[in-house]
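A.B. asks: Encoded as structure tokens, here's the structure I'll be asking about.
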Amino acid sequence: MTGVVPGASPLPPGWTRVAQAFRAAVGSGRLDLPLPGSGRTWERWMGLADLAEEELSLARLGEGHADAVAILAELGEPAPPPGSLWGVWAANPPGPSLEAARTSAGWRLRGTKQYCSGARTCTHALVTAAAPDGARLFAVSTEALSPQPGTWPAVGMAASDTLDVDFSDVPAGPLGGPGAYINRPGFSHGGVGVAACWYGGARAVGRTLLAEAARSEERRVGKECRSR
């Protein structure tokens, strides 16, 4: 897996299992979901919901990869190389920030990006950063990045390895102009994709509760029969 040096820092529980499942989902084509605007939106959302019902951390990574594929297509960029694992790192909360600068050698990113899911799993990411002409979207390889272990101790989705990531003069490819990430027509689809994952997770909880309720009823009926 990318960005992991054995013994460098502890990996969260379940990381290896989820990272392997993520790679398998990409390799098998399970995440080749219909693109927004294809007329098969429901199929796309249900694919994400099914993933979340299986494993929330896996869904967090899978949704990011599927969203990255859709963004690249919408902005007229080539599809990701086979076998590559993508994330979309676009959170912009208060605190450390990521800045982009145009140099003679091209665009470079410096600073810290927060809440990067798959920080030590993804091979590439789409990243938003503040540029002199406004917020821009960039494509980067994760090879030279420095994740900060323990920066988001999410108990429920620890295996998604969502961390702050340091960028130190990292080369980046610009995608579209300023505001391209937010202003594109498919931006809202990304948010609904996340909601589809919430739905899938809630569906898993509901089915677990219903199954336990059924078992409790069976035990109650059995106890009454034995007492007669």
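The values are calculated or read from the model by the stated rules, or taken from the named source; none is laboratory data. Here the structure is a predicted model, which is why all the values come from computation and not from measurement. Cβ sites come from the backbone with ideal geometry, for glycine too, and all protein chains shown count toward neighbours. To get the accessible areas, we keep the full protein, side chains included, count just its heavy atoms, and leave off ligands, DNA and RNA. Shrake-Rupley method; radii C 1.70, N 1.55, O 1.52, S 1.80 Å.
A.B. asks: Can you pull the one-decimal nm distance between simple spin-label points at GLU54 and ARG203, each 7 Å off the Cα toward Cβ?
C.D. replies: 1.3
A.B. asks: Where Lys and Arg each count +1 and Asp and Glu each count -1, what net charge lies around ALA52 among other residues with Cβ under 9 Å from its Cβ?
C.D. replies: -3
A.B. asks: Helix 15-28 versus the longest principal axis of the chain: what is the Cα-based angle in degrees, 0 to 90, to the nearest 10?
C.D. replies: Roughly 80 degrees between the two axes.
A.B. asks: How many percent of Cα pairs in the range 123-198 exceed 21 Å?
C.D. replies: Tail of the P(r) past 21 Å holds 43 percent of the pairs.
A.B. asks: Over the chain, what percent of the accessible surface lies on carbon and sulfur atoms, probe 1.4 Å?
C.D. replies: After summing per-atom areas, the C and S share lands at 58 percent.
A.B. asks: On average, how much area does the Cα convex hull of the chain cover when viewed from any direction, in nm²?
C.D. replies: Details: hull surface 63.9 nm².
Dividing the Cα hull surface by four gives the mean projection, 16.0 nm².
A.B. asks: For the pair ALA73 and SER28, how long in nm is the line joining their label points, each one 7 Å along Cα→Cβ?
C.D. replies: Spacing of the two 7 Å Cα→Cβ label points: 2.0 nm.
A.B. asks: What 222 nm value per residue comes from the helices of the chain, counting each DSSP H run with n ≥ 4 as -39,500 (n - 2.57) and dividing by all residues, nearest 500 deg cm²/dmol? Could you put the intermediate results ahead of the total?
C.D. replies: Details: 5 runs with 92 residues, N = 228.
About -13500 deg cm²/dmol.
A.B. asks: Where only protein heavy atoms count, and the probe is 1.4 Å, what is the accessible area per residue for the chain in Å²?
C.D. replies: Dividing the accessible area of the chain by its residue count gives 51 Å².
A.B. asks: Expected output is a single nm value to one decimal: the length gained when fully extending between SER188 and SER97, i.e. 0.36 nm times separation in residues minus the C-alpha distance. What is it?
C.D. replies: Here the answer is 30.4 nm.
A.B. asks: Using the basic label-point model (7 angstrom from Cα toward the beta carbon), what is the SER146 to CYS225 distance in nanometres?
C.D. replies: Distance between the two pseudo-spin positions: 6.6 nm.
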